[in-house]
Amino acid sequence: MSMHGQPPLTGRREPWMDDLLGDPSVIAQLLETHGSPVNVIEPSALSRNAAELVDAGREAGVDLKVFYARKANKAHALVTEARDAGHGVDVASLAELSQVLDLGMPPERVIVSAAVKSDQMLLRAVRSGVTISVDHVAELHRIADLSDPGRPTPVAPRLAPHPDTGVPPTRFGELADVWLETLAEPIDGVEVTGLHVHLHGYAAEDRARAIAEATRLSGALGERGHRLHFLDLGGGVPMSYLDDAAEWDSFWGAMRAPHEPESLTWRDHALGNVYPFHQSPTRGAWLRELLSLRPDGGATCAELLRDAGLALHLEPGRSLVDGCGVTLARVAFLKTRSDGVPLVGLEMNRTQCRSTSDDFLVDPVLVRTQPAGAPCDGFLVGAYCIEDEIILRRRMHFPDGVAPGDVVALINTGGYLMHILESASHQLPLARNVVWPGLTLDGIDR
């Protein structure tokens, strides 16, 4: 099971992944039954990751509630894991909302955060009693018009932190003054139960400034007759794919140093927009740091929340499903580009392991089905009839060779990489999704 980029970036693996990758016969049967690629999902790490956040909140005296960001992965198994562990879910479409309700998620543990909300979606949300994150004033009035005044819809206006606070500008939400003017008095049909914030990136300092502004806004809204119970900070909870910080530093050192053309990346791509695959702190330690920050120089974030009587809600996606997925793809061919650059063709396309970043920078694992061969290199290319149809942009090294029929296992793909950009272009089928250990099909559509 040997392949890596140069320099290596060794992904952290869960024990279940090692069990799967150590059984080539099971992998062969999976691909024979379901086609290539196939996504394998093991949901139990979600509960462990959520508990890490809840424990960090408890230590700081903050009531912390976790809502799994459904857009990170569409598998039903992850929703049921969150449901059974007592957590909630954040949905961003009518289909997501309908599915989680059909799966038995209690409406009080669902928040709708979609950036664009159709009337059909709002009607389903209003009738089911879930909380709606309200992006702008016109949306608030649409919700009020669709609601029964005798059964007001719980809403959480989305606050856009003022740029003067140092938080980067955001397209999500309205400024505090806009909400104060709009909510000068209660509005029939809606009940303001909390506030919502949607921030880009992972900076704890930005979230601390948002907490300070949101708690001030909560107090002002309370003076106007609204009773708020929570602040939802959205996602952006950091995680690490790699355990070894030195590997991460070595990789970027190699990228900055002079090197032979295409010895590191396809067409010498600079990888300017990538996830921080190694970072610290993460999850619980990161939340402890955030809650201890003093954004106004006085009270800590934990104290601000407690004084305002607000629970803290988080909507992790990638960080919550860390450890929950592997994508398996069969090697189809070996060849060279017209100028001699070696290529390894996989039975998959680039959208089946890709997020909005430039690349997924974790070394895959090679599961051999053929005898070991001579060392070689190659770029992983996919099924779309596009010149730059690259699965991973890093050049891979195979110390024991690679052959058609071998299997490339992409590690820890559960967060966004399986589903956020997947496409059925060329009328190629979407990957099947199976749940470990039984390896039964998940309930989602292909």
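Some values worked out for this structure:
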| read-out | value |
| --- | --- |
| Cα-centred dipole magnitude for segment 375-431, charges only on beta-carbon of K, R (+1) and D, E (-1), debye, nearest 20 | 140 debye |
| Percentage relative contact order, the chain, counting C-alpha pairs under 8 Å, at least six apart | 24 percent |
| Percent RCO, i.e. relative contact order, over segment 106-197, from Cα pairs under 8 Å lying at least 6 residues apart | 29 percent |
| Magnitude of the charge dipole, segment 1-143, Cβ model with Lys/Arg +1 and Asp/Glu -1, debye to 20 | 480 debye |
| Rounded Å value of the spacing that divides the Cα centres of segment 234-312 and segment 26-93 | 21 Å |
| Structure-based [θ]222 nm, the chain - -39500 (n - 2.57) summed over DSSP H runs of at least 4, per residue, nearest 500 | -8500 deg cm²/dmol |
| Residues H200 and E387, FRET efficiency given R0 of 25 Å [Cβ-Cβ distance, rounded to 0.05] | 0.20 |
| Relative contact order [Cα under 8 Å, 6+ residues apart], segment 1-104, whole percent | 19 percent |
| FRET efficiency for D55 and D307, using Cβ-Cβ distance with R0 set to 30 Å, rounded to 0.05 | 0.85 |
| Shape call, the chain: gyration tensor on alpha carbons, a/c limit 1.5 | prolate |
| Cα-projected label distance for S292 with T336, points at 7 Å along beta-carbon direction, nm | 5.7 nm |
| Selection of trypsin sites (Lys or Arg not before Pro), segment 135-184, meeting DSSP coil and at most 13 other Cβ within 10 Å | R171 |
| Listed peptides 253-264, 111-122 by packing density, highest first (mean Cβ within 10 Å) | 111-122, 253-264 |
| Rough spin-label spacing in nm, given labels placed 7 Å along Cα→Cβ, for D164 and L441 | 5.8 nm |
| For segment 160-260, alpha-carbon Rg over 2.2 N^0.38 Å | 1.55 |
| Long-range lysine pairs (8 or more apart or interchain), the chain, Cα under 30 Å | 4 |
| Within the chain: Cβ-based charge dipole about Cα centre, in debye rounded to nearest 20 (Lys, Arg +1; Asp, Glu -1) | 400 debye |
| Segment 362-394 residues near the modelled A270 label - backbone nitrogen below 18 Å, point 7 Å along Cα→Cβ | 393-394 |
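No lab work stands behind these numbers, since they all come straight from the coordinates. This is a predicted model, so every value here is computed, not measured. Glycine also receives a Cβ, built like all others from the backbone with ideal geometry; neighbour counts cover every protein chain displayed.
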